[in-house]
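Let me begin by presenting the structure, written as structure tokens, before commenting on it.
Taken together, the values in this text are just the output of simple stated rules run on the coordinates, not laboratory data. Only a predicted model underlies this, so the values are computations on that prediction, with no experimental measurement involved. Counting neighbours? That spans all protein chains shown, and the Cβs are built from the backbone with ideal geometry, glycine included.
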Amino acid sequence: MTASRGETVDVNSERGAGEEPILELKNVSVSYGNIAAVEDLSLRVYADEIVTLIGSNGAGKSTTLRTISGLLRPRAGDVVYKGQRINGMAGHEVVKLGVCHSPEGRKIFHRMTVSENLDLGAFVRKDSAKIAEDRAWVLELFPPLRERLDQKAGTLSGGEQQMLAVARALLGNPALLLLDEPSMGLAPVLVDLIFQTIERIRRQGVTVLLVEQNALAALEIADYGYVLESGRLNLQGPAERLLSDDSVAAAYLGGSDVAAEVRRPD
Ligand SMILES: Nc1ncnc2c1ncn2[C@@H]1O[C@H](COP(=O)(O)OP(=O)(O)OP(=O)(O)O)[C@@H](O)[C@H]1O
Ligand SMILES: [Mg+2]
């Protein structure tokens, strides 16, 4: 089976094996005033997957995540989470259902400490024993934060701020974690660390929808990928098939030589 262009879902009969997806977007369109940002987008995420959404600048990736997390309302279509239609629901209600968003550009509170930023991640929760457990877990995932709990978040390095953004989203106790460009602006060694950490997060039972400019790294850890172009779904398929697709390589992976490199057996 090859990755299929422009088709709606159900192209991968092995995927999900008859399970209901944890998240489904059905023909979702989103506009900012008169500007259409996402058009007729359908996608599925199954429990325990890492699914990546890739595409060029302005393709509609962040808009899609903002729509799922309740920051934007779709003009048409539905967002269905665990069988429940969530479009139109307030952001904090969506967090309560277990959908947590680490937004693009980090969006942490610079004048608050690391510790206070982490507290905000858990603001909809009341299970204090489990919050303490999750706090210990995220500090174990991101050790640099542990040494900086009392430091103002605005004084953290770029990489540490990114860790804080992901850690804060994890403190919402997500079943589904939405990550918007977690590797943006990071040095290669930190990029590797972030991607390894995303894999660890998935192993702890958190499903991940990952938006990335770094398509190669994202596809390497993802199970399935969707490629957006100018607000529309252009291509979708299992991640390994997208990695070996020449058009994906040419557009997003820095040329087909990269795809040949990725395909080459060890
Ligand atoms: N608040 C806004 N008001 C008006 N237009 C917007 C707004 N936010 C985004 N857009 C437009 O919607 C389109 C999709 O933007 P979006 O931020 O979703 O893209 P993206 O795929 O996340 O891009 P990038 O990779 O650069 O982050 C773009 O054309 C953008 O200019
Ligand atoms: Mg974006």
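Quick notes on this structure:
- Within a Gaussian network of the chain (alpha carbon springs, distance under 10 Å), most fluctuating of 159, 18, 98: 18
- Using the alpha-carbon positions of region 56-210, Rg (one decimal) and Dmax (whole number) come out as 15.1, 46 Å.
- Just so you know, the averaged projected area of the alpha carbon convex hull for region 57-100 sits at 3.2 nm².
- Point-to-point label distance, residue 27-residue 250, nm (Cα→Cβ direction, 7 Å offset): 3.2
- Rounded to the nearest 20, the size of the Cβ-charge dipole of region 86-133 about its Cα centre is 60 debye, with Lys and Arg at +1 and Asp and Glu at -1.
- Extension gain from residue 73 to residue 149, taking 0.36 nm per residue of separation minus the Cα-Cα distance: 23.8 nm
- The relative contact order of the chain comes to 25 percent, based on Cα pairs under 8 Å that sit 6 or more residues apart.
- Mean separation of Cα contacts under 8 Å (6+ apart) over length of region 164-241, as relative contact order %: 25
- Cα gyration tensor, region 66-139 - rounded (a/c under 1.5), prolate or oblate: oblate
- Pairwise label distance in nanometres, residue 127 with residue 17, each label 7 Å out on the Cα-Cβ vector: 2.6
- Net charge of neighbours whose Cβ lies under 14 Å from the Cβ of residue 61, counting Lys and Arg as +1 and Asp and Glu as -1: -4
- The chain, Rg to Rh (Cα coordinates; Rh as Kirkwood inverse mean 1/r): 0.96
- Long pairs among 61/82; 130/152; 82/126; 82/152; 26/96; 126/152, criterion Cα-Cα beyond 28 Å: 82/152
- Dipole orientation for region 124-197: of the candidates 197, 187, 172, 172 has the Cα lying most toward the positive pole (charges on Cβ; Lys, Arg +1; Asp, Glu -1).
- Ignoring aspartates and glutamates fewer than eight residues from residue 107 along the same chain, the ones with Cα atoms less than 17 angstrom from its Cα are 116, 119, 160, 180, 181, 212.
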